[in-house]
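One structure is given here, and the rest of the page talks about it.
Derivation of every value follows stated rules applied to the coordinates shown; laboratory data play no part. Note that this is a predicted model, so its numbers are computed, not measured. So basically every Cβ, Gly included, is an ideal-geometry build from the backbone, and we count neighbours across all protein chains shown.
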Amino acid sequence: LKHDIFVVKLTGNLFNLPINLKKLATIINVMKSYIDKGRAKFIVVTGGGGNARAIISALREIGVNEYQLDQVGIEITRMHAKILISLLQDEYVCKKIPYTIDEVMDYINIYSLIAMGGISPGMSTNAVSALAAEATKADKLITMTKAGGIYDKDPEKFPNATFLKEVNIDRLFEILTEHEAAGYYPLLDKVALSIIRRSKIDTYVIAPEAEQLKLVLEGKNVGSRIIFK
Ligand SMILES: Nc1ncnc2c1ncn2[C@@H]1O[C@H](COP(=O)(O)OP(=O)(O)OP(=O)(O)O)[C@@H](O)[C@H]1O
Ligand SMILES: [Mg+2]
């Protein structure tokens, strides 16, 4: 029986303190119900969120270099993955956090849920999620971000930004050309976008809400979808 494989990039902001475990659980429960029905496997990539941002900006202030800042950030994203795993006692959950995409390719044959964070300095967790989707021939890449979707410009800077239900990948490259640094990657960085483009990964950007995840998994149009023509 072939399972659908879904890669979910989970905003690190879900792990901001004080941590809202109830909200995390409702999102995980949507995945569990798909796994329990034998319909799907999930690779969840956890981001850095407020925890990473707070620690990285304090360290940057005293002159720590970007490489080391990224290393610290990676450990924080992996801690978030560990928190997620600790909420799940099921035997289908991979207890080890993969350090490489090769490990992901091996583990996905054995487990139904894998959680992981970053893997290498210079690479965002969005890029990791795109590579994981590419390597496992995932059916969908689902990015759950506090932005809730893709706008024609940064909605935090421009209150008049327009929500885009569909956006062409080349147009998205143009929209997202902000600077990139440790602990700060725009909605999706260039590496992630390049992977999505070269493998035409079916990508949705949605809010970190269980209801929205459910809708995407059901094949409904929710949030923003990246298109290739
Ligand atoms: N065109 C755009 N559409 C949507 N969001 C955008 C756009 N350009 C920039 N952004 C910004 O991208 C950011 C995405 O959120 P951010 O990466 O900080 O958090 P996250 O993805 O929810 O969590 P994390 O990356 O820490 O796991 C938001 O601050 C949003 O304002
Ligand atoms: Mg982000």
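Let me make sure I get this right: for segment 114-228, a, b and c are the square roots of the gyration tensor eigenvalues over alpha carbons, sorted descending. Under 1.5 in a/c it's rounded, otherwise prolate if a/b > b/c, else oblate. Which is it?
On the way: a/c = 1.38, a/b = 1.04, b/c = 1.33.
The shape class here is rounded.
Would segment 13-65 count as rounded, prolate or oblate if I go by the C-alpha gyration tensor, calling it rounded below 1.5 in a/c and otherwise prolate when a/b exceeds b/c, oblate otherwise? Since a/c reaches 1.5 but b/c is at least a/b, the shape of segment 13-65 is classed as oblate. The charge dipole of segment 1-117, taken about its Cα centre with unit charges on the Cβ of Lys, Arg, Asp and Glu (plus for the first two, minus for the last two), comes to roughly 460 debye.
By the count of other C-beta atoms within 10 Å, a proxy for reagent exposure, L87, L131 are ordered fewest to most as L87, L131.
Applying the Karplus relation 6.51 cos²θ - 1.76 cosθ + 1.60 with θ = phi - 60° to segment 138-153 yields 3J(HN,Hα) values of 4, 6, 8, 10, 10, 9, 9, 10, 4, 5, x, x, 9, 10, 6, 8 Hz, where x marks Gly and Pro.
Annotation: amide H-H contacts under 5 Å for V8 (H modelled 1.01 Å from N, sequence separation of 5 or more, or interchain): I43, V44, V45, I142.
Please list, in chain and number order, the residues 5+ apart from I150 or on another chain whose amide H is under 5 Å from its amide H, with Hs placed from the backbone. When sequence neighbours closer than 5 places are left aside, the close amide H contacts are L164, S224.
Taking a threshold of 24 Å on the Cα-Cα distance, which of the pairs K2/K190; K140/K214; K22/K137; K2/K229; K41/K214; K22/K153 fall above it?
K2/K190; K22/K137; K2/K229; K22/K153
Free of any GluC sites (Glu not before Pro) that DSSP assigns to a loop and that have at most 11 other C-beta atoms within 10 Å, the longest stretch within the chain is 1-90.
Calculate, in nm to one decimal, what Q89 and R39 gain on full extension: separation in residues at 0.36 nm each, minus their alpha carbon distance. Length difference between fully extended and current span is 16.1 nm.
Once the Cβ-Cβ distance between T162 and N16 is put in as r, and R0 is 35 Å, what FRET efficiency do you end up with, to the nearest 0.05? Don't jump to the answer; show the numbers that get you there.
Values: r = 28 Å, r/R0 = 0.79.
For T162 and N16, the calculated efficiency is 0.80.
Only counting other Cβ atoms within 10 Å, I'd like H80, H3 sorted with the fewest neighbours first.
The order, fewest Cβ neighbours first, is H3, H80.
Ranked for footprinting exposure by Cβ neighbours inside 10 Å, fewest first, K41, K140, K220, K9 give K220, K140, K41, K9.
Neighbours of T77, meaning other residues whose beta-carbon lies under 11 angstrom from its beta-carbon, give a summed charge of +1 when Lys and Arg score +1 and Asp and Glu score -1. Take the Cβ-Cβ distance between H3 and A25 as r, set R0 to 22 Å, and report the resulting FRET efficiency rounded to the nearest 0.05. My answer for the efficiency is 0.45.
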